[in-house]
Amino acid sequence: NGGLYAALRDSGTLQEMLQDGVKYVHAYCVDNALTKIADPHFLGFCIEAKADAANKVLSKRDPNERVGVMCLRNGKPGVCEYSEISEEKKTLRDADGNLVFGAANICSHFFTTEFLSKFVAEKKGLLPF
């Protein structure tokens, strides 16, 4: 999945999108075959919030559900795969009974083309993990 960003740059596709006035990108992964492509609620929320990047999540139904979750890695948002979470953290609940690590990553992402352009320039299109 991480090769997408360098491919957008290297193929010239990102530059073409910028030249054509494309402002927003919705990307999703094969892991979520039921993705609502260009989900108007998700994209509209991101645009209204003036987000540069966003990741759509759903609440996990069960702590043993085999899906990665949003978390903080060294203080920065990231995804922790289900295979990386300890049994203790996987079942940890807050005072309201919700899973602490319950924001399931469904691989539905929003980006502005401006953000993508800066990202591929600064990070060389490579994710740090």
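Quick rundown of the values:
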read-out: Per-residue HN-Hα couplings for the range 85-90 [Karplus 6.51, -1.76, 1.60; θ = phi - 60°; Hz; x = Gly/Pro]; value: 8, 5, 4, 4, 5, 4
read-out: Accessible-area composition of the chain, carbon plus sulfur, in percent [1.4 Å probe]; value: 54
read-out: Accessible surface, per residue, of the range 12-129 when the full set of protein chains is kept, probe 1.4 Å, Å²; value: 69
read-out: Residues whose placed amide H lies under 5 Å from that of I106, excluding near-sequence neighbours; value: L58
read-out: Span from the the range 1-41 Cα centroid across to the the range 52-129 one, whole angstrom; value: 18
read-out: Shape box of the range 48-111 [Cα atoms, principal axes, largest first, Å]; value: 35, 24, 21
read-out: Listed residue (M70, V22, F45) projecting farthest to the positive dipole end of the chain, Cβ model; value: M70
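The values are calculated or read from the model by the stated rules, or taken from the named source; none is laboratory data. In this text, all values refer to a predicted model and were calculated from it rather than measured experimentally. Quick reminder, even Gly has a Cβ in these numbers, built from the backbone with ideal geometry, and neighbours come from all protein chains shown. Side chains included, ligands, DNA and RNA excluded: accessible areas come from the protein's heavy atoms. Shrake-Rupley method; radii C 1.70, N 1.55, O 1.52, S 1.80 Å.
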